[in-house]
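Here the structure comes first, spelled out in structure tokens, and everything after it is commentary.
The values are calculated or read from the model by the stated rules, or taken from the named source; none is laboratory data. Only a predicted model underlies this, so the values are computations on that prediction, with no experimental measurement involved. Heads up, the Cβs are rebuilt from the backbone with ideal geometry, glycines too, and the neighbour counts pull from every protein chain shown. When the accessible area is computed, the model is the full protein with side chains, heavy atoms only, and any ligands, DNA or RNA have been set aside. Shrake-Rupley method; radii C 1.70, N 1.55, O 1.52, S 1.80 Å.
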Amino acid sequence: MKDPRIQKLAQNLVGYSVDVQPGENVLIEMTGSERDLINAIVEEVAKKGGHPFVQLTDKTTQRAMLMNATEEQIKTWAAFDLNRMKQMQAYIGIRAGENVNDLADVPEDKMKLYNSLYNHPVHSERRVKHTKWVVLRYPNASMAQLANTSTEAFEDFYFDVCNLDYAKMDRAQDALADLMKRTDKVRITGPGTDLQFSIKGIDAIKCSGQANIPDGEVYTAPVRDSVNGTISYNAASLYNGVTFENVVFRFENGKIVEATSNNNVRINEILDSDEGARYIGEFAIGFNPYILHPMKDTLFDEKIAGSLHFTPGQAYEVADNGNRSSIHWDLVLIQRPDYGGGEIYFDDVLIRKDGIFVLPELEPLNPENLK
């Protein structure tokens with residue numbers, strides 16, 4: 001018997017997240033071996049009158065490709081997939097690999113080529129800008145291990161998060177987005193963190209299930225050269241198959257001038273990928289009420305209740321500070337008391353303390369009001 005939660009998720013993805021219309025081409029791309037969700041999505045796309053196309057990939061095969069790839073091969077690979085993406089009106093990406101560390105030993109120079117020659121043109125430039133898209137993970141034993149739970153318990157958590165009432169969340173985000181659009185100065189404080197920057201004149205974008213599942217954030221970007229101070233992230237981050245912990249950045253006039261972590265060499269290699277990698281492309285506030293603890297999965301971790309992320313690299317054009325880079329690395333700081341607490345100030349007014357919004361107009365975003 002099919003799990004009814006899978007069918008509901010498929011309906012939400014197709015009917016709400018990417019809003020498939022008759023005649024639209026939809027690329028459904030899956031990393032992993034799970035078929036129930038992808039088959040349900042194919043059925044839902046067809047019901048809407050759309051045309052589903054499926055791409056199944058495997059991280060171990062991708063690793064083998066990257067370990068042996070030449071620059072010319074990656075360019076051809078990108079050209080092939082870019083041509084396909086140009087024919088799509090919608091994209092649903094499902095990630096369900098069995099080992100999150102499959103790419104950990106791919107040399108950094110190979111990953112740099114892949115990110116700049118493949119990911120940037122195919123995804124950052126084409127898919128993100130020219131299709132209706134949504135990206136999500138799918139629950140499996142690997143993800144349950146990262147979350148330190150049983151597989152069954154993780155599945156229950158997953159469907160609570162992913163089948164949340166995102167239309168209700170969307171309405172609750174209006175006040176925060178409006179406030180961010182009116183704000184100039186931002187200050188973030190907490191253990192090891194005292195950071196200041198401006199978001200003046202940059203748009204604020206609500207995220208409520210149309211691009212990511214799970215979702216729950218409002219994002220903007222700092223004025224590129226305005227960032228000064230230090231931020232100490234307290235959520236471990238998996239990037240290109242490598243886990244980074246205790247990441248600390250020190251900024252001067254927008255640029256990361258000092259970066260430390262458990263792997264100082266690798267983190268600085270990433271930040272030296274190009275000029276824009278040492279500048280910030282996104283500032284976001286997260287508030288999904290069901291996501292409380294990091295599990296080294298960005299799609300979940302950046303939505304943690306009481307969190308924020310401050311992202312080196314590429315800015316989104318809808319909230320653009322002009323920064324361009326081949327990387328976009330969402331690093332997360334959790335400000336709830338169990339993670340050390342912290343504050344966010346907008347124009348010297350406290351808006352969130354220890355992960356809880358304190359302004360009356362923002363209280364609908366607190367956990368008890370979103371569940």
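Numbers for the structure displayed
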read-out: Amide hydrogen neighbours beyond the local backbone of D225, cut-off 5 Å, H modeled; value: none
read-out: Amide H contacts under 5 Å for H328, placed H, 5+ residues apart; value: Q314
read-out: Amide hydrogen neighbours beyond the local backbone of G341, cut-off 5 Å, H modeled; value: R336
read-out: Cβ-Cβ FRET estimate between F80 and E34, R0 fixed at 30 Å, reported to 0.05; value: 0.75
read-out: FRET efficiency for M67 and T149, using Cβ-Cβ distance with R0 set to 35 Å, rounded to 0.05; value: 0.60
read-out: The chain, dipole about Cα centre (Lys/Arg Cβ +1, Asp/Glu Cβ -1), debye to the nearest 20; value: 620 debye
read-out: The chain, accessible surface, carbon-and-sulfur percent (1.4 angstrom probe); value: 49 percent
read-out: Surface accessible to a 1.4 Å probe, per residue, for the residues of region 10-52, Å²; value: 39 Å²
read-out: Considering only the chain, percent of DSSP beta bridges that pair antiparallel, nearest 5; value: 70 percent
read-out: Backbone HN-Hα couplings from phi across region 335-352 [Karplus 6.51/-1.76/1.60, Hz, Gly and Pro as x]; value: 10, 5, x, 5, 10, x, x, x, 10, 10, 10, 10, 6, 6, 9, 5, 10, 8
read-out: Projected label distance in nm at D225 and Q21, using a 7 Å step from Cα toward the beta-carbon; value: 4.2 nm
read-out: Region 184-280 - accessible surface per residue (Å², probe 1.4 Å); value: 37 Å²
read-out: Note, ³J(HN,Hα) from phi for region 149-163, Karplus 6.51, -1.76, 1.60, rounded to Hz, x at Gly and Pro; value: 10, 6, 4, 5, 5, 5, 4, 4, 4, 4, 6, 4, 5, 7, 9
read-out: Rounded accessible area per residue of region 115-172, 1.4 Å, Å²; value: 42 Å²
read-out: Backbone HN-Hα couplings from phi across region 262-276 [Karplus 6.51/-1.76/1.60, Hz, Gly and Pro as x]; value: 6, 9, 5, 5, 5, 5, 6, 4, 5, 5, 9, 4, 6, 4, x
read-out: Charge dipole magnitude, Cβ of K and R +1, D and E -1 - region 6-142, Cα centre, debye nearest 20; value: 400 debye
read-out: Reachable lysines from K206, criterion Cα separation under 19 angstrom, eight or more residues apart if same chain; value: K129, K132, K168, K181, K303, K371
read-out: For peptides 281-290, 245-254, sequence by mean Cβ density within 10 Å, most packed first; value: 281-290, 245-254
